[in-house]
Amino acid sequence: MAHKGVIWVTGASSGIGKETAKEFARIGCKVYASARKTNLIELANKELIAEGCDNLLEIIPCNVASDVNVETTLKKILANDKIDCLVNNAGITSFETALDNSLNEIKDIINTNLLGSIFTIKGVLPSMIENGGGTIINILSVVVKKIFTNSSAYSASKAGLLAYTNVLREELRDKNIKIVNILPGATNTNIWPDKAREKYQNRMIKPEDVARIIVSIYLQSPHIVTEEITLRPITGDL
């Protein structure tokens with residue numbers, strides 16, 4: 001049976017990325033799941049196999065902050081498949097004030113969240129254009145809409161990616177490529193400190209709920225694009 005598309009999910013070892021990879025596999029897509037540490041993706045694959053979703057998840061180690069790593073990963077994927085959808089999910093933060101953020105922390109955040117996503121986008125675009133279309137879904141954050149202290153570098157990285165992808169969307173209007181930006185509010189993932197998760201978990205968005213929305217956007221009619229969607233806990237921001 002033919003699969004329902006080939007999906008590349010970055011940052012797939014936990015949180016939104018892990019749940020998104022699983023959800024795509026559940027609907028019959030072939031999923032390339034990448035992350036710096038792949039042992040947790042192995043656990044997700046075991047869960048899928050237990051559900052009867054065999055041979056749909058392929059695990060590839062990749063640090064998106066390295067353009068060389070991204071290029072190597074793309075060669076592996078494109079040697080076997082064409083990529084129908086890229087989900088840019090890999091991301092890090094520090095929860096430090098701008099004054100306390102070290103330059104190394106800032107570089108890591110910008111390199112992963114902004115440059116890493118640009119590297120993957122630049123990597124998939126030529127083949128998507130050649131194949132007549134594709135979908136690029138970027139996991140941003142409500143920090144691009146609202147000021148949150150102790151997140152200056154993170155906010156800069158996400159706002160930079162928002163600006164980049166909004167321009168990109170206009171440049172690709174005639175290429176049948178959908179550029180989708182998803183802006184989640186506080187989501188119960190390990191990007192948050194343990195104490196914050198313990199305190200606020202009942203108010204946080206569940207990563208599996210975000211994953212279902214991502215998959216539903218991918219499955220939309222080819223004639224429309226959900227350009228941007230903001231998701232918040234029903235009780236509001238933390």
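The values are calculated or read from the model by the stated rules, or taken from the named source; none is laboratory data. Predicted model, so just to flag it, every value in this text is computed and none were measured. Quick reminder, even Gly has a Cβ in these numbers, built from the backbone with ideal geometry, and neighbours come from all protein chains shown.
No other residue among Leu86, Leu56, Leu40 is in contact with a helix residue (DSSP H, G or I) (Cβ under 9 Å, 6 or more places away or on another chain) and in contact (Cβ under 8 Å) with a residue 60 or more places away in the chain apart from Leu86.
Here Leu99 clears all of (1) farther than 27 Å from Leu183 by Cβ; (2) of a type in the set (A, V, I, L, M); (3) modelled with pLDDT of 95 or more except the condition numbered (1). Scanning the stretch 167-190 for residues that are in contact (Cβ under 8 Å) with a residue 24 or more places away in the chain and under 17 Å from Val144 (Cα atoms) gives Ile179, Val180, Asn181, Ile182, Leu183, Pro184, Gly185, Ala186, Thr187.
For the stretch 71-93, taking the residues that are within 16 Å of the chain's Cα centre (by Cα) and assigned to a loop (DSSP other than H, G, I, E, B), the one that is farthest from Ala25 (Cα to Cα) is identified as Thr93.
Considering the stretch 1-70, the qualifying strands (runs of 3 or more DSSP E), each wholly inside and each with 2 or more residues that are modelled with pLDDT of 90 or more and small (Gly, Ala, Ser), run over 30-35.
Only one entry of Leu238, Leu140 meets the criterion of being at negative phi, surrounded by fewer than 15 Cβ atoms within 10 Å (Cβ to Cβ) and in contact with a helix residue (DSSP H, G or I) (Cβ under 6 Å, 6 or more places away or on another chain), and that entry is Leu238.
In the stretch 203-232, the residues that are under 15 Å from Asn181 (Cβ atoms) form Cβ pairs under 6 Å with partners that are of a type in the set (D, E, K, R), at six or more places apart or across chains, as follows: Val225/Lys178. If you check Leu74 against the conditions, is it of a type outside the set (Asp, Glu), surrounded by fewer than 18 Cβ atoms within 10 Å (Cβ to Cβ) and at pLDDT 95 or above? In short, no.
Taking the criterion of being among the hydroxyl-bearing types (Ser, Thr, Tyr), closer than 25 Å to Leu219 by Cβ and part of a helix (DSSP H, G or I), the residues of the stretch 109-144 that qualify are Ser117, Thr120, Ser127.
Among the residues examined, Glu58 does not qualify as of a type in the set (Asp, Glu), at negative phi and exposed (fewer than 15 other Cβ atoms within 10 Å of the Cβ). If I ask for residues that are surrounded by fewer than 16 Cβ atoms within 10 Å (Cβ to Cβ) and charged (D, E, K, R), which ones from the stretch 209-231 would you list? Across the stretch 209-231, the qualifying residues are Asp209, Arg212, Glu227. The condition (being surrounded by 22 or more Cβ atoms within 10 Å (Cβ to Cβ), of a type in the set (Gly, Ala, Ser) and in contact with a Ser or Thr (Cβ under 8 Å, 6 or more places away or on another chain)) is satisfied by just one residue among Ala21, Ala90: Ala90.
The residue that is farthest from the chain's Cα centre (by Cα), among those in the stretch 22-37 that are within 12 Å of Ala211 (Cβ to Cβ) and touching a residue at least 40 places away in the same chain (Cβ under 8 Å), is Ile27.
The set of residues in the stretch 194-235 being out of contact with any Ser or Thr (no Cβ under 8 Å at 6 or more places or on another chain) and part of a helix (DSSP H, G or I) consists of Asp194, Lys195, Ala196, Arg197, Glu198, Lys199, Tyr200, Glu208, Asp209, Arg212, Ile213, Ser216.
Evaluating Ile147 against the criteria (1) in a strand (DSSP E or B); (2) within 16 Å of Thr230 (Cβ to Cβ); (3) of a type in the set (Val, Ile, Thr) leaves one unmet condition, (1).
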